[in-house]
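Presented below is the structure to which this report refers.
Derivation of every value follows stated rules applied to the coordinates shown; laboratory data play no part. These numbers were taken from a predicted model, which means no experiment stands behind them. Using ideal geometry, Cβ is built from the backbone for each residue, glycine included, and neighbour counts are taken over all protein chains shown.
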Amino acid sequence: MMIYTQKLAEATALYQRLTRRYNTLSYLRLGLFLSLATLIYFLIKAFSLVGVIAVLIGVIAFLYLLSKHKEVAFARSLAQAKIKLNEQEIAFLQQGKYFADNGAAFAPENHPYSYDLDVFGEHSLYHYINRTHTYLGRKLLAERFLNPDETSIIATQQQIQALTPDLDFRQNFLALTSKINDSEDFYERLDAWVEKESKPLSKFTSVYIKAAPVIAVISLIIGYSIGNELLKQVGKWLLGINLLVFLSFIGKILKEKLSFERAYDTLHSFKRSIEMIEHRYNKKEHGISAKIAQLARLLDDLDNMSNILVSVPFNTLTFYHLHRYQQLLQWKKAYAKDIAQWLSGVASTEVLCSFANFVYNNPNFAYPTLQDTPEISFTAMGHPLIPEKERITNDIHFGKDTFVILTGSNMSGKSTFLRALGVNMLLTSMGMPVCAREASVHPMKILVSMRMSDSLTDGKSYFFAEIDRLQGIIRTLEQEPCFVLLDELLRGTNSEDKQLGTMKIIERMVALGAVGVIATHDLEVCSLAQHYPQKLQNKCFEVQINGDELYFDYRLREGICQQKNASFLMKKLGIIS
């Protein structure tokens, strides 16, 4: 946390320096503007060549100051963004204040584990890890949680390890992406623009818009200079035709640019972010940032056409916006198919920065060793979302086809342990370190049935929803070995039926070679371990009753739970006597 305090101080000092420079440039601009206005006033009253030269020099100086002012303003906004980044990280580590998007918008229905493991929503795993700013980054991060690519675990680990110590790059990059004002609608319009076929200008039109303005202007200048009526008429007729030509294209130009209304700022911010990626990974030769900048400028120029009183006479003389329209069509033909991939590079880097930030904030987490055989071991494993001072860790080992029957009284830690297992298996599949001192993992598809709810929309009861989930788990296990977590099955039925059903499901898990854990209160279920000693293990969490107090140590033990606390708690609260 000390490093964030240091970076906050650096960013604050930089912001203050840039603010002073920003204000100085503002005063210089104002002073120069007033001087120019005064100079022009006196020049109108008494023309002089020296005055004209002074005005030209003043205009150039004013434009230079304007450019520097914009530069400093942008640098100051980045410093302000870095102040916010460091303040947020300090509050996150000190007070547990989550500040990024929680991913609830990406939470799917009927996913094999996301709901049960609290992947999305307030104080979720996504909420904890997310540091993305763009819509595309948030969406890609959600995809990584929902569909981890087990074939790229090593590559992702290497990318995270390279990025983790480079705090300056990560903060500078995220400060830049915080300026990208994108949305789902932006990408929908982008896709529609890419898919829409645009007819290029004909060869005749291309030649005409280059030649006609030149011929018209030259004809008028010469015609009025020497008093040639024919040249005057030629110039006037050409300007009239130019006006009609431009008016005939206004609709096409507006349709082409409408997809990207006011997109300049978004694309320009993407361009700056891509520049950082190109510089870090030595990909400048691809020139992607320059191509994005070109598109941004073209769209911005076409956007400026909206002032008809200026654009109509200006284009009658120059066809400026027709030339820019033609260049936009050429850009679209050459690069439109690649733009989605270019922008996704920014999203990918945002996601990697989020992962690297997670590692940076949790230096004691370990990258798991990957195993070819279905064996899984965690040493001192805990749940990453529980603060380190409060976190109780446990060791666990799964051999080939090992399934654990976990018993324990209420509140003893069974569900938290199951979620810790599931989350750490998920982190492994995503290429991230796990909340453990050591880990050796065979990546497997994760299947969970821990938390069900009645569905009013599709008419499913709690019990049927659970049966439906179990059917999906069995079908998946029939295709491939999986890591399965089950918590207190068949709650919606009577005790005898529940016990029998639970035992049958465990036997099915054994037959299908599942690896994982089932948590249950039915101690009779534990007898199954005697029939499958090579496959089933009994483990438990215990509670100690000392007088009128319950004590939970949340330590995983071998064997079957011996203590019960439901009656004790109800007596203590006066519910029963």
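Here are the numbers for the structure shown:
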quantity: Projected-area average for region 369-572 over all orientations - Cα convex hull basis, square nanometres; calculated: 12.9
quantity: Angstrom value of the Kirkwood radius, inverse mean 1/r, which spans all Cα pairs in region 394-453; calculated: 13.1
quantity: For the chain, Cys with no neighbouring Cys Cβ under 4.7 Å; calculated: CYS353, CYS435, CYS482, CYS526
quantity: Computed helical MRE - 222 nm, the chain, DSSP H runs ≥ 4 contributing -39500 (n - 2.57), nearest 500; calculated: -20000 deg cm²/dmol
quantity: Prolate/oblate/rounded call for region 307-442, Cα gyration tensor, a/c under 1.5 rounded; calculated: prolate
quantity: Residues in region 54-74 reached by a label modelled at PHE33 [backbone nitrogen below 11 Å; 7 Å Cα→Cβ]; calculated: 66
quantity: Pairwise label distance in nanometres, HIS531 with SER306, each label 7 Å out on the Cα-Cβ vector; calculated: 7.4
quantity: DSSP bridge pairs, the chain: antiparallel proportion in percent, nearest 5; calculated: 40
quantity: Compactness of the chain, expressed as Rg and Dmax over alpha-carbon positions, Å; calculated: 33.7, 118
quantity: Cut-off under 5 Å, modelled amide H: who pairs with CYS482 long-range; calculated: VAL515
quantity: Table column - 3J(HN,Hα) (Hz), region 511-527, Karplus curve with 6.51, -1.76, 1.60, x for Gly and Pro; calculated: 4, 8, x, 6, 10, x, 9, 10, 9, 8, 9, 7, 5, 4, 4, 5, 5
quantity: Largest-first ellipsoid semi-axes for region 49-183, taking √(5λ) over the Cα gyration tensor eigenvalues, angstrom; calculated: 44, 16, 16
quantity: Convex hull of region 1-97 built on C-alpha atoms - directionally averaged projected area, nm²; calculated: 7.0
quantity: Translational diffusion of region 184-346, µm² s⁻¹ [Kirkwood Rh, Cα pairs; Stokes-Einstein; 37 °C; 0.692 mPa s]; calculated: 186
quantity: Under Karplus coefficients 6.51, -1.76 and 1.60, residue-wise ³J(HN,Hα) of region 263-277 in Hz, glycine/proline x; calculated: 8, 4, 4, 5, 5, 5, 5, 4, 4, 5, 5, 5, 4, 5, 5
quantity: Which of MET503, MET305 has the fewest Cβ neighbours within 10 Å, and the rest in rising order; calculated: MET503, MET305
quantity: Between 0 and 90°, nearest 10: helix 135-146 axis offset from the chain longest Cα axis; calculated: 20
quantity: The chain, relative contact order in percent, only Cα pairs under 8 angstrom and at least six apart counted; calculated: 13
quantity: Sorted by Cβ density within 10 Å, fewest first, the residues ILE446, ILE241; calculated: ILE241, ILE446
quantity: Kirkwood-based shape ratio for region 350-425, expressed as Rg/Rh from alpha carbons; calculated: 1.00
quantity: Karplus-derived 3J(HN,Hα), 6.51/-1.76/1.60, for each residue of region 226-240, Hz, glycine and proline x; calculated: 10, x, 8, 5, 4, 5, 4, 5, 4, x, 5, 4, 5, 5, x
quantity: Label point distance in nm, ASP468-LYS232, each placed 7 Å from Cα along Cα→Cβ; calculated: 8.4
quantity: Nearest-ten-degree value, helix 2-45 long axis tilted from longest Cα axis of the chain; calculated: 20
